[in-house]
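Some notes on the structure that comes next.
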Amino acid sequence: MGIRDFLKGKIDKHGGAVGAAKAVVTKPVRLVTGGHGMRSAEPDASVNPDLIREALASVPKERDADGFVAVAPVQMITDKKPGTFNIEKETVAVYRHEGQLFAIDSACTHEDGPLGESEVEAGGIITCPYHDWRFELSTGACLTDPARPVSCYAVKEVDGFVWIGHRTTEGSKERGGEHDDGLKMDV
């Protein structure tokens, strides 16, 4: 799905352009603080907000003995809801897939699209919402251009919190390239 399909789907979901505009203006936005800065546009209805606030207040502020940083209570990362966290100068997307946690660089190696907004597909694949570049969640391998993987990070679940550690694989620093969303570029 490319950006056009993504936007069309959002507009259709709200009954056309006018409905979508109303939804944007009236939709509550949740800004979560605590941990190391999670961003989220929609609260998960299955999670009790009071418990989340309480858990966020108790997120450890210091790194653990292995250098990991606590970012959120475990219940904030579900199979359907990844989290995006700012850790120092890195933005890391954390996913839960088939009961296991995965952490990758949130910036797509094509044009820095927000991988943290992607849902996990069958086989542990995520697709960038901007131009459909595809990545393996477990390795960071890019299926669209094998020379352009994203970084992966160590991640663990301890004492009810998600902890992100050191980079385990190095991602590509190169950006730009062909689009895989059916759009043609005139140069």
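Annotations for the structure displayed:
- Asp112, sole failed condition from (1) at pLDDT 90 or above; (2) closer than 19 Å to Phe85 by Cβ; (3) over 11 Å from the mean Cα position of the chain (by Cα): (1)
- Taken as a whole, the structure leaves Lys81 outside the set of residues that are under 20 Å from Pro60 (Cα atoms) and among the basic types (Lys, Arg).
- Counted residues, region 154-187 - those being within 23 Å of Tyr130 (Cα to Cα), surrounded by 15 or more Cβ atoms within 10 Å (Cβ to Cβ) and either among the small types (Gly, Ala, Ser) or modelled with pLDDT of 85 or more (or both): 3
- Residue check for Arg96: farther than 18 Å from Arg134 by Cα, out of contact with any His (no Cβ under 6 Å at 6 or more places or on another chain) and among the basic types (Lys, Arg): no
- Residue among Lys8, Lys22 that is part of a helix (DSSP H, G or I), surrounded by 11 or more Cβ atoms within 10 Å (Cβ to Cβ), modelled with pLDDT under 55 and more than 20 Å from the chain's Cα centre (by Cα): Lys22
The values are calculated or read from the model by the stated rules, or taken from the named source; none is laboratory data. In this text the structure is predicted, and so the values were computed from the model without any measurement. Cβ atoms come from the backbone with ideal geometry, glycine included; neighbour counts cover every protein chain shown.
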